[in-house]
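> Please read through the structure below; I'll follow up with questions.
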Amino acid sequence: MLSTIFALTALSASGGDQLRLAVSPAQSFAPSNLNIRARVVPHADNRALTIVAESENFYRSSEISLEGDHAPATITFEFRGVPGGEYLVTGVLTNSLGRPRAIAEQQVRVIPSGLGQ
């Protein structure tokens, strides 16, 4: 239960409240579809948002271009068919020079199905 509570808490590694992540489900059975909602504070220097889901044996990422302060405040991603594992989902908001403006992380758990995992 404590790990589930921890998994629901998004951690902001830098940038304060510039970027927040919400990943659901926080715990599921494999294969799972992870729904990631990123909340980005509009800013003229926001140029890209990269989302990464990584475990010991699996890696998936997606990147979207942003149009500064005209970009949507909420952006959603879906990673389908994610296999079992403990995942760190990371969001990186970058500026026009490609440098990170903010980083947010959340842990999720996908329980192996027991069939070949």
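> Go through segment 50-68 and give me each residue that's over 28 Å from Gly114 (Cα atoms), more than 14 Å from the chain's Cα centre (by Cα) and surrounded by fewer than 17 Cβ atoms within 10 Å (Cβ to Cβ).
Passing the criteria: Ser65, Glu67, Gly68.
> Let me ask you something else. Quick check on Glu86: is it under 14 Å from Ala26 (Cα atoms) and without any contact (Cβ under 8 Å) to a residue 60 or more places away in the chain?
Here the answer is yes, as Glu86 does meet what is asked.
> Output the residue which, of all residues in segment 102-117 that are under 15 Å from the mean Cα position of the chain (by Cα) and small (Gly, Ala, Ser), is surrounded by the most Cβ atoms within 10 Å (Cβ to Cβ).
Top of the filtered list is Ala104.
> Name the one entry in Arg99, Arg80, Arg47, Arg39 that is among the basic types (Lys, Arg) and within 13 Å of the chain's Cα centre (by Cα).
Every option except Arg39 fails the conditions.
> Of the conditions (1) of a type in the set (A, V, I, L, M); (2) surrounded by fewer than 17 Cβ atoms within 10 Å (Cβ to Cβ); (3) farther than 30 Å from Ile111 by Cβ, Ala71 clears all except one; give me its number.
Of (1) of a type in the set (A, V, I, L, M); (2) surrounded by fewer than 17 Cβ atoms within 10 Å (Cβ to Cβ); (3) farther than 30 Å from Ile111 by Cβ, only one is false for Ala71: (2).
> Taking segment 69-117, which residues are on the phi > 0 side of the Ramachandran plot and touching a strand residue (DSSP E or B) at 6+ places or on another chain (Cβ under 9 Å)?
Gly81, Gly85, Gly98
> What number goes with the only condition from (1) hydroxyl-bearing (Ser, Thr, Tyr); (2) surrounded by fewer than 17 Cβ atoms within 10 Å (Cβ to Cβ); (3) under 23 Å from Asn33 (Cα atoms) that Ser96 does not pass?
So Ser96 meets the others, but not (3).
> Please go through segment 14-58 and give me each residue that is small (Gly, Ala, Ser), at pLDDT 95 or above and under 20 Å from His70 (Cα atoms), ordered by number.
Passing the criteria: Ala38, Ala44, Ala48.
The values are calculated or read from the model by the stated rules, or taken from the named source; none is laboratory data. As the structure is a computational prediction, the values presented were derived from the model and not from experiment. Every residue, glycine as well, gets a Cβ built from its backbone with ideal geometry; the counts of neighbours run over all protein chains shown.
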